[in-house]
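Every number here is computed from the coordinates shown, using simple stated rules; none is lab data. This one's a predicted model, so the numbers in the text were calculated from it and none came from an experiment. Backbone-built Cβ (ideal geometry, glycine too); neighbour counts: all protein chains shown.
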Amino acid sequence: MPFFRGALGALLLLAFAFPAHGRQSESILGTSVNLTGGATNRLQSSSSQPAGNGLSTAFYGVYPSLSLTSMRRSSSLRANYGFGFNRRLGTSRQPGSDSHTASLNFSTALGPRWSAGLEDSLTVTGDLGTFSALSGVSSVQGINSLFSPVATGRSLRTNRVDGDLTWALDQNSSVSFRVAHNLRKYGSGALSSGFLSDQQQYQGSVTFQQRLGVGDSWSLGYTSTYFDRKNSTDTLSQSAQAGYALHVGRDMTMHISAGLSQVNNQGSSGGYLGYDATALLEKTLVSNRFSVGYTQDSKESIGIGSNFTTRRATLDWDRAFGKITASASASVYDSKGTLNNGLRVRGVRASGNVGYPITRTLSISGGATYQSTRKTGIFDFTQERVFFSLRYSEPNLKRFH
């Protein structure tokens, strides 16, 4: 993965070469290890038969991770790496999988009004949703995991690099410039080359944002994205969007946005105009936190076929009962192909978890996950898991000055 290694070297060089004013600096090394076990259904898939459910089978896994945070007076570096070792018992056809996730985030102040940031996110896994649920590590920022080739047992590699430059016009207003590159690679093989398409995205955007009060703000932005696909037509999208964020009452926030997107085939005729919308409502009630969201994206690329118009609804909840913590989340999506893409993909994901701390660094948890993808032919699958985890976590393992 030379691209990721190059970005890693560049970020480390920036982080440690950038002057630390007043020699004020601190680095913190953290670690965690999840030992998991449970039961899951067996997935069955072939090139001529959609995936289905077999008998239940037991599994076990080990999920270690490392984190490094380096803070200086005007800059910061955050690095994370997670590994997943997952194996099934009593089956040679589906022996398990290994997963890797890594992210690097560097930010710095360039002056009184200018700031810059650079971020690199990498995943190598065939099932990012399961990895996130069993490892306790959140999905890597910026990586679209709407479609994963779970039914094929193949690993998917994604790499996203973001760079941004922000100019503060005054105390309440700013303009941000952002460029991004997104890589999605399935690897060689007849199955991949016949149905899945390796792809890259090149994106540039500019956004104006103004704060109106405590928690209230509005924004206006323009984004252009070029989709480069190996097995289908390249496309170019241009979109404009306006957004508004506000406090509703004391413990409720709302984020809404709306816009238009123009998507055109490159090298051939064909195009369409679609609309985009987002609504997110967050509410805190005593010890409960709720989040409800809806999104429509008329230019999305989910990893199979070309562009889609995707409608998605999400629901998240978490609560603390003394020392016990509980959380649940669910999402449904419907992706309809556009231009020359005749696919229509539908999916459901849900998870629940209950945890209890034994000591400051040791905790136990149990939960269940469910995910299902339909209308994709041989990539259809339904996956159900129940699991138990023993987690060791020490975010302040070692401090360096």
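List of remarks:
- Computed P(r) (all Cα pairs; the stretch 247-300; 5 Å bins; percent): 5, 17, 19, 14, 12, 10, 8, 6, 5, 3, 1, 0
- SER25-GLN238 FRET efficiency (beta carbon distance; Förster radius 41 Å; 0.05 resolution): 0.45
- FRET efficiency for VAL386 and ARG346, using Cβ-Cβ distance with R0 set to 30 Å, rounded to 0.05: 0.80
- Net dipole in debye of the stretch 193-299 [+1 Lys, Arg Cβ; -1 Asp, Glu Cβ; about Cα centre; nearest 20]: 180 debye
- In the stretch 263-401, the convex hull through the Cα atoms has an average projected area of 13.6 nm², a quarter of its surface area.
- Kirkwood-Stokes translational diffusion coefficient of the stretch 333-376, alpha-carbon pairs, 37 °C, 0.692 mPa s, µm²/s: 243 µm²/s
- Checking the Cα-Cα distances for LYS230/LYS299; LYS185/LYS398; LYS283/LYS336 against a 25 Å cut-off, the pairs over it are LYS185/LYS398; LYS283/LYS336.
- Each 5 Å bin from 0 upward holds the following percent of the Cα-Cα pairs of the stretch 172-266: 3, 11, 16, 15, 13, 12, 10, 8, 6, 4, 1, 0.
- Comparing Cα centroids, the stretch 205-273 and the stretch 336-351 end up 20 angstrom apart.
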